[in-house]
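S.K.: Attaching a single structure in C-alpha cells format; questions to follow.
Taken together, the values in this text are just the output of simple stated rules run on the coordinates, not laboratory data. The model shown is predicted, which means the values in this text are computed figures rather than measured ones. Don't worry about glycine lacking a Cβ; one is built from the backbone with ideal geometry, like all the others, and counts go over all protein chains shown.
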Amino acid sequence: MEFFVQLLVNGISIGFLYGMAAMGFVMIFKSSSVLNFAHGELLAFGAFIFLTMVTWAGLPVYAAFLVSLTGCFLMGFVIERLFLRPLIGEPLIYVIMLTVGLAAIFKGLMLLIWGGNLYIYPDFLPANLSIEWGGINIPPVYVLSTMIGLLFLVILGLFFKYSSQGIYMRSVADNQTAALSLGVHVRGVFALSWAIAALVAGMSGIVLGIINGINVHDLSSVGLKVFPVVILGGLDSIGGAIIGGLIIGLLETFTGGYISPSLRDVVPYIVLVFILLIRPYGLFGLVEIERV
Amino acid sequence: MKLQLHPCGNFKERYEDELTIFETDYGRLWLAIGLSMLFGAVPFASGPYLLYVLNIIAITSIAAIGLNILIGFTGQISLGHGAFFGVGAYAAAILATQVHFPFLVALPAAGLITAIVGMIFGIPSGRLKGLYLTIATLAGQFIIEYVLIHWDSLTKGTRGIVLPPVSIFGMEIIDERQYFYVTFASLVLMTLIAVNIVRTRYGRAFIAIRDNDRAAEGMGIPIFKYKLLSFGISSFYAGFAGALWAYYMTSITAEPFTLGLSVEYIAMVIIGGMGSIAGSIYGAVFITGLNETLRWLTDIFMNIDALQGVGLTIAPLRELVFGFAIVLFIIFEPRGLAEVWRIIRSSFRLWPFSY
C-alpha cells in the first residue's frame, strides 16, 4: 500500500512536469500549427542557462531564474524570426523537418559548450517545502514542481482568456486568414507564442534538472515524451496537456513499478497508437479530423 | 542513327513523351557510359576504404529511394524508416541463421516481412493525415526499437546476431570489391523498379494523393489502399536495404536503428529532393559523405596529441553540421540537390539565354 501511494505521488509529480513541458508545445501548435521536434532541446537550453547563471556567474537563485527565463524568451523570438518565418505557408514536412534540424543544431551546440556530462544544481530548495504525511514523503522538488505547474496553468489560462495578446493568439489559432483580415498582427503572434513556449519549456527544463540532474541527452529525450502527452490531452488544449501529462506520468510510474522497468519508456507510445486509432483528437482537443 | 539533343522548350505532343524516362538519346548514352564506368572501372580504381563508403552509399540509397516513394510521391511523412531498416536487417539475420535461407532468398524475404510490418504501421494512415500520421510513425519507431531489443528468443537481445557469409550460387562474397557488385547491382535494380513504379497507374495514384487527397478520392482512387501500398513499397525498400546492410556488417545489434537513423533518412530525402528518385541517391551520397568527412576530421584531431582536446569537443560537430545542412536546405533550396542539378543543367542548355 505504501509502495502504491509512493508511486502515485511520483507519478503525479512527474506527470505535472510532462504536462508543463507539453504546455509550451501546445502553445506553439495552437497558434502556428507547428509540430516542434526541438522542444526537448529548448528544455535543456533553459536548464543549462540556469546552471551557468547559478554556478559560473554566481548569481542568487532568484536573479538566475529571472535571467534564464528572459534568455529562453529571447531564444524563442530568435528561433521564430530566423528559422520559422521564412517557412510560413510552406508544406508541413518542411516545417517538421526544420524543427528536427533545429533540434540537431541545438543539441550539437549544447554538447559543444557544456559537454555530455551530468550536472547537478547546488541544493537551494528549502527543506521545509517537503511534505510528510502518514509515512509518505514528498520531496521538496515535487512540491515545487506541482506548485509551479499549477501557477503557470493559471497564468496562461488568464492570459488566453483576458489579455488582448492572448485573445489575438486564440484568434490566429482559430482562423489565420480571418484574424489577418481583422488586423491581428499574425507574425507578431507567432513570435510571441514561440517566445512564451520557449519560456515555459525553459521553466520545465529547470525543474526537471533539479529532479534528475542536467544532461543534454536526458533532457532532450523528454521532448519526445511530449508527443503521447499532447495527443492524449488534445493537440490544442492547454488544460488537456496537464491532464495528459498526469495520465502518462502515472502510467509510466505504475508500469515501471509493477510490470517491468524496461517497458516504462515504451508504454506511452503504445498508448499513443491506440489513442490515435480510437480518438485522434485526444480527450480535450477540437474534433476536427477529416477522413480521407 | 542521329542522336537527338535536348530541345530548348517544351515540344511534347503525346502522353508517352511526358512519361519517358530519357528525354534524349544522350541521356541513354550517358547512362550506359556511367554504368559501365561504375561496374568496370570504379571498383578497381578505389581502395578498400572508398569501396566501403561506396557500399554504404549504395545501401542507404536503396532505403532512401523507398522513403522518397512514401514522402516525396505519396506525401505521407514517416518517422519510422530507421526502424523498418532494422526490421529488414533482423529479418534477414533470423532467416539466415535459424531457417538457413540462402542470400538470394533471404534478401527479398526480408523485404517482404518488412513490407508487412510497414503496412501494419501504415494502417493509422486510413484515419490520420499529416501531423497525426507523423506522430503515429514516431510511436511505431519506438515500439519496433523496443521489440527488437526485448524479444530475446528471436532477436537475441543486446547480444546481437552473427550472419553467415554471403554466397551466391556457390560463390562466396568475401571482400569489399565483390560486395560492391552485389550492392550496386541491387541499387541499379531497385532504382529501375522505382523509376518504373512512379510512372505506372500506381505512381500516378500516389502523386494524386500527395497533391490533393480529396480530389484523388473524388476521382475514384481508393486512398486507403494506395496509402497502404505506398507504405508497403517503402518498407520493402527499407527492409531490402536493411538485409543487405546486415549481411555486409556480418553481425548486427539493435543499436543503430534509432530515431536518429530515421531522421537521417528524411534528411536524405529532403536534401536530395522530394519526389525525385535520383534525388534520393544524391541525398544518400551527401549524408554519407558528410558523416564520413566528419568522422575523418575527428580522427585526425584525435591522433594529434596536442589537439586531442579539440578532437573530443568536435564530436558533437556532426550533429551541428547535420542540423545546419537540413535547415539551410529547407530555407534556401527546399527542392533539394535534384533541383540544383536541374538548374545547372538547364542553364547550360539554354545558354546564352538562361535566366
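S.K.: Given an 8 Å cut-off on Cα distances and at least 6 residues of separation, report the relative contact order of the range A:2-224 as a percent.
M.R.: Details: 293 pairs, mean separation 99.8, N = 223.
For the range A:2-224, the relative contact order is 45 percent.
S.K.: Starting from the Kirkwood Rh over alpha-carbon pairs, what translational D in µm² s⁻¹ does the range B:260-299 have by Stokes-Einstein at 25 °C and 0.890 mPa s?
M.R.: Details: Rh = 10.2 Å.
After rounding, the answer is 240 µm²/s.
S.K.: Can you tell me how the range B:23-257 classifies by the Cα gyration tensor, rounded, prolate or oblate, using a/c under 1.5 as the rounded cut?
M.R.: On the way: a/c = 2.30, a/b = 1.18, b/c = 1.95.
Note, shape of the range B:23-257 comes out oblate.
S.K.: Among A:ASP123, A:ASP236, which comes first, then next, by fewest other beta-carbon atoms within 10 Å? All intermediate terms of the calculation are to be shown ahead of the outcome.
M.R.: On the way: A:ASP123 9, A:ASP236 22.
Lowest count first: A:ASP123, A:ASP236.
S.K.: Right, something else. Please arrange B:ILE193, A:ILE113 by counting, for each residue, the other beta carbons lying within 10 Å of its beta carbon, fewest first. Don't skip to the answer; put the middle values down first.
M.R.: On the way: B:ILE193 15, A:ILE113 12.
Ascending Cβ contact count within 10 Å gives the list A:ILE113, B:ILE193.
S.K.: Further question on the same structure: With just the Cα atoms of the range A:2-224, tell me how far they stretch along each of the three principal axes, in Å, largest first.
M.R.: 59, 39, 33
S.K.: Contour minus end-to-end for B:SER346 and B:ASN10, with contour as 0.36 nm per residue of separation and end-to-end as the Cα-Cα distance? The partial results should precede the final answer.
M.R.: Details: separation 336, 0.36 × 336 = 120.96 nm, distance 1.25 nm.
So the chain would gain 119.7 nm between B:SER346 and B:ASN10.
S.K.: Which ³J(HN,Hα) values, rounded to whole Hz and listed in residue order, are derived for the range A:260-269 from phi using the Karplus coefficients 6.51, -1.76 and 1.60 in 6.51 cos²θ - 1.76 cosθ + 1.60 with θ = phi - 60°, glycine and proline given as x?
M.R.: 7, x, 6, 6, 3, 7, 9, 4, x, 6
S.K.: Hydropathy at least -1.0 by Kyte-Doolittle, axial extent at least 24 angstrom from the Cα trace: which helices of chain B, defined as entire DSSP H runs, fit?
M.R.: Values: long enough: B:48-68 (29 Å, 1.63); B:81-98 (25 Å, 1.06); B:103-122 (28 Å, 2.22); B:131-150 (29 Å, 1.46); B:176-197 (31 Å, 1.10); B:223-249 (38 Å, 0.86); B:277-303 (39 Å, 0.74).
Result, helices passing both filters: B:48-68, B:81-98, B:103-122, B:131-150, B:176-197, B:223-249, B:277-303.
S.K.: On to the next question. Which lysines, on any chain, are close to B:LYS12 with Cα under 22 Å apart, when same-chain ones fewer than 8 places away are left out?
M.R.: Excluding near neighbours in sequence, the set is B:LYS2.
S.K.: So for the pair B:THR250, B:ALA185, with labels modelled 7 Å out along Cα→Cβ, what separation do we get in nm?
M.R.: 2.1
S.K.: Pull up the cross-link candidates among the aspartates and glutamates for A:LYS161, meaning alpha carbon to alpha carbon under 16 Å and not fewer than 8 places away within one chain.
M.R.: Of all the aspartates and glutamates, those that pass the test against A:LYS161 - Cα under 16 Å, at least 8 places apart if same chain - are A:ASP174, A:ASP236.
S.K.: Still on this structure, I have one more. Take the alpha-carbon positions of the range B:100-218, form their convex hull, and give its projected area averaged over all directions (one quarter of the hull surface) in nm².
M.R.: Values: hull surface 41.3 nm².
For the Cα atoms of the range B:100-218, the hull's average projected area reads 10.3 nm².
S.K.: Another question, if that's okay. Using helices alone, what [θ] at 222 nm do you get for chain B, with -39,500 (n - 2.57) per DSSP H run of 4 or more residues, divided over all residues and rounded to the nearest 500? Walk me through the numbers before you get to the answer.
M.R.: Working: 17 runs with 251 residues, N = 355.
Theoretical 222 nm ellipticity from helices: -23000 deg cm²/dmol.
S.K.: Given 20 Å bins starting at zero, what is the percent of C-alpha pairs of the protein assembly as shown in each, up to the one with the largest pair distance?
M.R.: Final binned percentages: 17, 50, 28, 4, 0.
S.K.: Next question, about the same structure. Give me the lysines in straight-line cross-link reach of B:LYS129: C-alpha distance below 30 Å, same-chain residues under 8 apart excluded.
M.R.: Partners found: A:LYS30, A:LYS107, A:LYS225, B:LYS225, B:LYS227.
S.K.: Using a basic spin-label model with each label point 7 Å from the Cα along Cα→Cβ, how many nm lie between B:ILE300 and A:ILE120?
M.R.: Distance between the two pseudo-spin positions: 4.1 nm.
S.K.: Also, I was wondering about something else. Just rank B:MET37, B:MET302, fewest to most, by other beta-carbon atoms within 10 angstrom. Kindly include the intermediate steps, with their values, before the conclusion.
M.R.: Details: B:MET37 11, B:MET302 16.
Ranking B:MET37, B:MET302 by Cβ neighbours within 10 Å, fewest first, gives B:MET37, B:MET302.
S.K.: May I ask you to work out the translational diffusion coefficient for the range B:165-256 at 10 °C, viscosity 1.306 mPa s, via Stokes-Einstein with Rh from the Kirkwood sum over Cα pairs, reported in whole µm²/s?
M.R.: Working: Rh = 15.7 Å.
For the chosen part, D equals 101 µm²/s.
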